[in-house]
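Written below as structure tokens is the structure these notes are about.
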Amino acid sequence: MWSMNVRSLRFAAAALLTALLISAVAQAFPIASVRDEESMAKNIVKAASNAEKYVVSLVDRVKANSTIISLINGSDLEDAFWGNVSLIDDGLALLDEAKEDLDAGNYTDAMNEAMEAMEIFKEVWVNIHRILRELGITEIEAEGKPEIQAQGLLVAINRALERIERIKNMSDDPEFKELLNNATTLLSMDEAKDLLAQGNVSDVAHRLAEANHLIAQAYRMLRAKAEEKIAERMERFRARIMERLGAITGKLNETDLDEIMGKMGFRNMSEFREALNSLINETKEHFKAGETGYALGKLKNLDEKFKEFTRRFIAKTVPPEAQNESPALEVSVDKRALKNQVILSVTVNNTGNCDVVFPNAVLGLMIEKKVNGEWVRYYWPVSAQVLVTLKPGESREITVKIVKPDEGIYRVTVSGWSKITLKPVTATSTEFNMP
């Protein structure tokens, strides 16, 4: 019985399928034997079939070890492992096609498909061995099953502790903190070394698996918060777009509206609204799936569509002199701290040269808190959904009461748009502390 060391793993990971490929080619091109295409195709398809058996056997052996699967599923290599496992299906599909083409006499296609399948199996073989090595797992050749290596466990514990260090300040949620504290306790390096010295490799592996499970839960909490934040922002974005759209359409007669919609490729306003809502929903889904690039592309598409509509509206209805609007706002905050609450007196002043319209009675007001250097929504007052207008030089005061606010740095933001050309305008107060 012998254990494969790091060096032997490095070579074994790639050598097996390469050897199979060389064997296939050698059989396909013997010095004094049959050189016909059928024999060549049969040998390559056979080699690919053997490669598939080796890879599937490796994955089955890993799956049969619940401790190793727990280690994988609790680590940041989980997606990499299962992603590689799923690639086997692609290889199997190609291999099936190769066998069908071989039976049908399409030898060139059969060879190409078998070679492609073999490349997939080789990639999976190499990648899974790398993943196992990262987690401190090696294979006992004589027993034919994966085992856990003590030194690799210490490396994996250090890596888990580094993951905790990276995310520990990303949330103030008590449950989040408790998860990471419990994981850190399980990852005590001194205790791990003592257990390994006693030969308790399995106990250390179970501790690492449980700690990785807790860390994964913490990551899911962060992801859920991020998705919630995105959903809130997208809903506010959707509401503002629709409010501004309503303000525009109210200024157009049916003929002008149909003309603008027709030039933009829509049959009517309902179809345009549906298109905007569809783009917003698609953007949310892309954000949730982690496809930030696609999501930003959808947002850009949405923004361009609305800008085009606004440009056509301005060209159709707004006199040239009104197109020089420069909307601007100023926000100031006066704070009074009482026993169980903080009262904010927010003053909004229209410092621009045009009327500014707001979506509700609190002038689109939102209170944000700085968390780990980023501004996140903290409080969004409920108010009457009526359009409110401030004329140039006019101001309005809003009173907001917050019961037992969390300690931290805050700011107030208000948002609206110019009355005629619908240019968006946002203003933010200076930062202040609460409570």
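The values are calculated or read from the model by the stated rules, or taken from the named source; none is laboratory data. None of these values were measured; they are calculated from a predicted model. We place every Cβ from the backbone using ideal geometry, glycine too, and count neighbours over all the protein chains shown.
Observations
- Some residue of the range 370-391 being without any contact (Cβ under 8 Å) to a residue 12 or more places away in the chain and aliphatic (A, V, I, L, M): yes
- Restricting attention to the range 124-135 and to residues that are in a helix (DSSP H, G or I) and touching a Leu at 6+ places or on another chain (Cβ under 7 Å), the residue that is modelled with the lowest pLDDT turns out to be 134.
- Residue 410 satisfies every condition listed in (1) out of contact with any Asp or Glu (no Cβ under 6 Å at 6 or more places or on another chain); (2) surrounded by 12 or more Cβ atoms within 10 Å (Cβ to Cβ); (3) under 27 Å from residue 247 (Cα atoms) except (3).
- Test: residue in the range 74-82 that is surrounded by fewer than 16 Cβ atoms within 10 Å (Cβ to Cβ), at pLDDT below 80, over 19 Å from residue 196 (Cβ atoms) and touching a Phe, Trp or Tyr at 6+ places or on another chain (Cβ under 9 Å): yes
- Looking only at the range 359-385, and only at residues there that are in contact with a helix residue (DSSP H, G or I) (Cβ under 9 Å, 6 or more places away or on another chain) and part of a strand (DSSP E or B), the one that is farthest from residue 415 (Cα to Cα): 376
- Set 395, 415: member being modelled with pLDDT of 85 or more and touching a helix residue (DSSP H, G or I) at 6+ places or on another chain (Cβ under 9 Å): 415
- Flag for residue 347 being assigned to a helix (DSSP H, G or I) and either modelled with pLDDT under 85 or over 30 Å from residue 253 (Cα atoms) (or both): no
- Residue, modelled with the lowest pLDDT, within the range 355-372, restricted to residues that are crowded, with 20+ Cβ neighbours inside 10 Å and over 30 Å from residue 173 (Cα atoms): 359
- Qualifying residue in the range 396-418 (condition: within 25 Å of residue 312 (Cα to Cα), more than 34 Å from the chain's Cα centre (by Cα) and in contact (Cβ under 8 Å) with a residue 24 or more places away in the chain): yes
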